[in-house]
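Student: Can you read through this structure? Questions will come right after.
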Amino acid sequence: MKKKLYYVIPFVAVPLLLSLCELLDNRNLLQMSPYILSALLLLFSVTMGFFSTTHRTFDYLLTAIMPLSLFCCMFVAGFLDKNDLETRFHLYKAFNAAFQPIALQLYFLMAIVTFLASFKSFRNIRKRISS
């Protein structure tokens, strides 16, 4: 159960992280830019990879789940977006939002960063520090 829950966390945390960033931007507490957002997503990917629960050398499943969670979030955001005529639910908008060039770069970078952070030697550092 613990492992299954761990692999669901990105699908909840990525939309929450993006919503938090939007809230901070709306309150003028932190001026958002693609660089800040990318850095936060990559930092989250490093954290998830570092705390991976697998006993293998690399966590391949998490490497696929992290970019997939961002893709799902972008796809849903594009699908639920309103235009000037107040219409919603257009698949072409969902695909346009999910396949933006910066989003494609983020998918690739999140996968690479998660893959490298989930290396067993890095995860063993955490165990050595805690004991």
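The values are calculated or read from the model by the stated rules, or taken from the named source; none is laboratory data. If you're wondering where the values come from, they're calculated on a predicted model, not measured in any experiment. We work out accessible area using only protein heavy atoms, side chains counted, and drop any ligands, DNA or RNA first. Shrake-Rupley method; radii C 1.70, N 1.55, O 1.52, S 1.80 Å.
Student: Work out how much length THR57 to LEU116 would gain on full extension: take 0.36 nm times their residue separation and subtract the Cα-Cα distance, in nm to one decimal.
Tutor: 20.2 nm
Student: Would you calculate a helix-derived [θ] at 222 nm for the chain, using -39,500 (n - 2.57) for each DSSP H run of n ≥ 4 and dividing by the full residue count, to the nearest 500?
Tutor: Helices in the chain give a 222 nm mean residue ellipticity of -25000 deg cm²/dmol.
Student: Using the heavy atoms of the protein chains and a 1.4 angstrom probe, tell me the accessible area per residue for the chain in square angstrom.
Tutor: Heavy-atom SASA per residue in the chain reads 66 Å².
Student: Rank LEU18, LEU62, LEU41 by mean-square fluctuation in a GNM of the chain with C-alpha springs under 10 angstrom and give only the top-ranked residue.
Tutor: Result: LEU18 has the largest fluctuation of those listed.
Student: Can you give me the % of accessible surface on the chain that is carbon or sulfur? Probe 1.4 Å, all protein chains present, nothing else counted.
Tutor: Whole-percent figure for carbon plus sulfur exposure: 70.
Student: Just to make sure I understand: if all protein chains stay in place, what is the order of SER19, SER69, SER38 by accessible area at 1.4 Å, largest first?
Tutor: Largest accessible area first, the residues go SER19, SER38, SER69.
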